[in-house]
1. Return the pair list, or none, for Cβ contacts closer than 6 Å from residues in region 135-156 that are in the same structural domain as Val183 (by TED's automatic domain parsing) and closer than 14 Å to Gln177 by Cα to residues that are among the small types (Gly, Ala, Ser) and surrounded by fewer than 13 Cβ atoms within 10 Å (Cβ to Cβ), at least 6 apart or on different chains.
2. Collect the residues in region 173-193 that are closer than 17 Å to Glu158 by Cα and in contact with a strand residue (DSSP E or B) (Cβ under 9 Å, 6 or more places away or on another chain), keeping them in residue-number order.
3. Inside region 109-130, can you point out the residues that are surrounded by 10 or more Cβ atoms within 10 Å (Cβ to Cβ) and under 33 Å from the mean Cα position of the chain (by Cα)?
4. When residues of region 70-108 are filtered for being loosely packed, with under 10 Cβ neighbours inside 10 Å and in contact (Cβ under 8 Å) with a residue 24 or more places away in the chain, how many remain?
5. Quick one: count up the residues across region 144-170 that are part of a strand (DSSP E or B) and out of contact with any Gly (no Cβ under 6 Å at 6 or more places or on another chain).
6. Only residues that are touching a Phe, Trp or Tyr at 6+ places or on another chain (Cβ under 7 Å) and not polar (S, T, N, Q): list them for region 175-185, please.
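The values are calculated or read from the model by the stated rules, or taken from the named source; none is laboratory data. If you're wondering where the values come from, they're calculated on a predicted model, not measured in any experiment. Note that each Cβ is placed from the backbone with ideal geometry, even for glycine, and that neighbours are counted across all protein chains shown.
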Amino acid sequence: MKKYFTSIQSVAIAVLIIVILLMRACDKQDPVEPMIITKIETVFDTITKEVPVYVPKYVQKIETVIDTIVKTQPVDTTAILRDYFATYVYQDRQELDSLNLTIIDSVSQNKIFARTISYDLIYPTTTITKEIYLNNRELYWGIGMQGRTDQLNYVGGELLYRNRKKQAYGLGIGINQDLQPVVSGKLYWKIGK
C-alpha cells in the first residue's frame, strides 16, 4: 500500500508541477515587440524663380572735366549716336553653394536701362519613412531523431510553428525501429525576454 501511495504521490507532484508551469506560461502575456526599420531619403529639389524686371532710378551724376581735346581723326557723329542709343546686354552668373544667381543688365544711353535677376535654389527634401513590423509568425521544418545510445526509437520529419506571442508548436511524423508510424507533438514557451 505504501508503494502504491508513493507512486500516486509522485505522479500527483509531477502533474502539479506541469500544471503550474503551463499556467505561468499561459498567463504571461508579453507585449509583442515590433521591429522598426527607418529609411532616410534626401532628394534635392531645384526651385527656379525669376524676379520681375527692375528699372534702376537715377541717384547722382558725376561729371568729368576735360581740358583739351586733341583732334587727330575726323569725328563720326552718326557712329557716336548709334553707339549711344544702342542697348548692350550684360549677363553675370554667380554659382554659390546651393544658389545659382543670374543677373542680366541692359545698358543704353550711358545708364542701366533694365535689370533682370533669376535664381535656382537647390533645396534638400528629407523623407523619413518608418516601417513597423510586428513579430511575424514563422514556420520551420526539419528532421528529428530520438533514442538511446544502443537503439534508435524515432526518425522523421517535423514542422515547428512560432506565433506572435513567441509560443511554438511542433508536429512530427516518422517511423520507429520497427518501421511503425509515429506521430509526435510539441509545445514550447519562451523563457525570459
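1. The qualifying pairs are Asn153/Gly147.
2. Ile173, Gly174, Ile175, Asn176, Pro181, Val182, Val183, Ser184, Gly185, Lys186, Leu187, Tyr188
3. Tyr119, Asp120, Leu121, Ile122, Tyr123
4. Result for region 70-108: 1.
5. The number of residues fulfilling the criteria is 12.
6. Val182
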